[in-house]
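Take a look at the structure below.
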Amino acid sequence: MTTVLYAQPYDLSAIGFYFESAEEFAAKLQALKNAQGDPVEEFEIQFIDGKDVDAALVEAVHLHQHDPEGFFEKIDAWDDADKQTIAIAVGECGYDFTWEKNEPGDFDVDLYRVDSLLELAEMFVDEGLFGDIPERLQFYLDYNAIARDLSVEYVETTIAGERLVYRCG
């Protein structure tokens, strides 16, 4: 799927442009002049079309005019899980981010592809995080209480239509 961004100039006498690559952005930026014939220097970058997870990434990192090259390089290199990790790390956990220096594994974020804290609680019990609990006793566990306890450190969110639970380190 093609990702389309829009460069909206802060100069009201200039007209912005759509672009689909860093090269196209650079070429159109070089050619753009305002009503007085001066180069336009400042833009707001807006997400127009593409994958929902890429829109979430753009919103989280506050994509700006110096980022198109890194953005287009990374959206091709990263999978959706990587993009979700960055969106959560930067947008929710408050980590600093630069396209040149950071990769999804750089952030201390635990991400689970479950619909709710209740499902996470059940998963933790199944994986033995609470020790070896005999199967006959698992029916007596209060998974809702475990989910409430998990809510102290874990948060439910939705990114690009996918329910996730995460914890910032």
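The values are calculated or read from the model by the stated rules, or taken from the named source; none is laboratory data. Here the structure is a predicted model, which is why all the values come from computation and not from measurement. Here the Cβ positions follow ideal geometry from the backbone for every residue, glycine too, while neighbour counts run over all protein chains shown. Remember, those area values only see protein heavy atoms, side chains included, never the ligands or the DNA or RNA. Shrake-Rupley method; radii C 1.70, N 1.55, O 1.52, S 1.80 Å.
Out of D132, D126, D115, one residue alone is modelled with pLDDT of 95 or more, more than 30 Å from E24 (Cα to Cα) and not hydrophobic (A, V, I, L, M, F, W, C). It is D115. Checked against (1) over 21 Å from G91 (Cβ atoms); (2) open to solvent by 50 Å² or more (accessible area, probe 1.4 Å); (3) of a type outside the set (D, E, K, R), V155 meets all criteria but (1).
Mind checking whether some residue in region 28-36 is under 20 Å from W99 (Cβ atoms), part of a helix (DSSP H, G or I), free of Cβ contacts under 8 Å to residues at least 40 places away in the same chain and not basic (K, R)? Yes, there is a match, as at least one residue in region 28-36 is under 20 Å from W99 (Cβ atoms), part of a helix (DSSP H, G or I), free of Cβ contacts under 8 Å to residues at least 40 places away in the same chain and not basic (K, R).
Pairs needed: first member in region 156-169, free of Cβ contacts under 8 Å to residues at least 40 places away in the same chain; second member anywhere, part of a strand (DSSP E or B); C-beta distance under 9 Å; at least 6 residues apart or different chains. Sorted first by the residue in region 156-169, then by its partner, the pairs are T158/L164. Take the residues in region 15-28 that are in contact with a strand residue (DSSP E or B) (Cβ under 7 Å, 6 or more places away or on another chain) and surrounded by 15 or more Cβ atoms within 10 Å (Cβ to Cβ); name whichever of them is farthest from P68 (Cα to Cα). Result: G16.
Among the residues making up region 53-95, those that are in a helix (DSSP H, G or I), open to solvent by 50 Å² or more (accessible area, probe 1.4 Å), within 20 Å of Y18 (Cα to Cα) and out of contact with any strand residue (DSSP E or B) (no Cβ under 8 Å at 6 or more places or on another chain) are E69, E73, D76. If you go through region 1-22 one residue at a time, do you hit one that is part of a helix (DSSP H, G or I), of a type outside the set (V, I, T) and under 24 Å from the mean Cα position of the chain (by Cα)? Within region 1-22 (the criterion being part of a helix (DSSP H, G or I), of a type outside the set (V, I, T) and under 24 Å from the mean Cα position of the chain (by Cα)), the answer is yes, since at least one residue qualifies. Candidates in region 100-143 are the residues that are outside any loop (DSSP other than H, G, I, E, B) and charged (D, E, K, R); of these, the one that is least open to solvent (accessible area, probe 1.4 Å) is D110. You will find that of L141, L111, the residue that is without any contact (Cβ under 8 Å) to a residue 40 or more places away in the chain and hydrophobic (A, V, I, L, M, F, W, C) is L141 and no other. Restricting attention to region 60-70, the residues being closer than 22 Å to K28 by Cα and within 12 Å of the chain's Cα centre (by Cα) number 2.
Tallying residues that are in contact with a Pro (Cβ under 9 Å, 6 or more places away or on another chain) and at positive phi within region 23-61 yields 0.
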